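Worksheet: the structure to be examined is printed underneath.
The numbers here are math on the coordinates, done by the rules we state, and not lab data. None of these values were measured; they are calculated from a predicted model. When we count neighbours, we look across all protein chains shown, and the Cβ atoms used for this are built from the backbone with ideal geometry, even at glycine.
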Amino acid sequence: MGSIRAGRLCPKIASWVVEVAQASTNLNYELVDLADWPLPMNDEPGLPALGVYAQEHTRAWSRKIASADAIMFVTPQYNWGYPAPLKNAIDHLDNEWKGKPAAIVSYGGHGGDMSAAQLRQVAQGLKMRLVSTMPAITLTREMILGGPFDPQKDFQAYAESIRQALVELVVELEPKA
Ligand SMILES: Cc1cc2nc3c(=O)[nH]c(=O)nc-3n(C[C@H](O)[C@H](O)[C@H](O)COP(=O)(O)O)c2cc1C
């Protein structure tokens, strides 16, 4: 989940994405909430690429990401980019992301496509194996302002692209001959 903002919509949206995913694949999913992973920006003196971490919270974060076979980012768009806590969480590690299959689901007033494009570039820099389908959920002004919504009903039009991204992710997870 890309957002840790107070009052964020991310948990509701990401939980729905996981529901869609669980219904369409046999994979196991774990929702990773960056709010549970405080990673100060100034307490790791080493280069992440060397993989030697001074802090136990960084080592735990490293183990968490290393243990995943694939990553689905579910992230909002903030000012044409993706949220700073997500960049911080990414930049705390390096090799842990490399070669990992990944999908990006974005959301925002126009689907969060600028956020997704930015995250795609960063993930490519980390040599993640990104799937080509990038579901982008458009939020109405009322939703953004905190109005009620039901992802199951209101986001039904996006379920197919999420399933397609998962089909591509599963292909990436299959052992190569
Ligand atoms: C700091 C900030 C910047 C935002 N910038 C954009 C933007 O560039 N484009 C957009 O469509 N929505 C933008 N929004 C609206 C968000 O898409 C919307 O508030 C969404 O719910 C944010 O995700 P979150 O609630 O999970 O944090 C912005 C919201 C915030 C808080």
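Data overview
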{"read-out": "Where a residue in the stretch 1-13 is free of Cβ contacts under 8 Å to residues at least 40 places away in the same chain and its partner, wherever it lies, is assigned to a loop (DSSP other than H, G, I, E, B) and within 6 Å of the ligand (Cβ to nearest atom), with Cβ under 9 Å and at least six apart", "value": "PRO11/SER3"}
{"read-out": "Qualifying residues in the stretch 54-82 (those that are free of Cβ contacts under 8 Å to residues at least 24 places away in the same chain and farther than 23 Å from ALA116 by Cα) - the one nearest to the chain's Cα centre (by Cα)", "value": "SER67"}
{"read-out": "Residue selected from the stretch 83-110 under the condition closer than 15 Å to ALA35 by Cα and either within 13 Å of the ligand (Cβ to nearest atom) or within 12 Å of the chain's Cα centre (by Cα) (or both), by the criterion surrounded by the fewest Cβ atoms within 10 Å (Cβ to Cβ)", "value": "ALA84"}
{"read-out": "Among the residues listed as SER115, SER132, the single one being among the small types (Gly, Ala, Ser), in contact with an Asp or Glu (Cβ under 9 Å, 6 or more places away or on another chain) and farther than 19 Å from ILE65 by Cα", "value": "SER132"}
{"read-out": "Close pairs from the stretch 117-130: first part of a helix (DSSP H, G or I), partner among the aromatic types (Phe, Trp, Tyr), Cβ under 8 Å, at least 6 apart", "value": "GLN118/TRP80; GLN118/TYR82; LEU119/PHE73; LEU119/TYR82; ALA123/PHE73; ALA123/TRP97"}
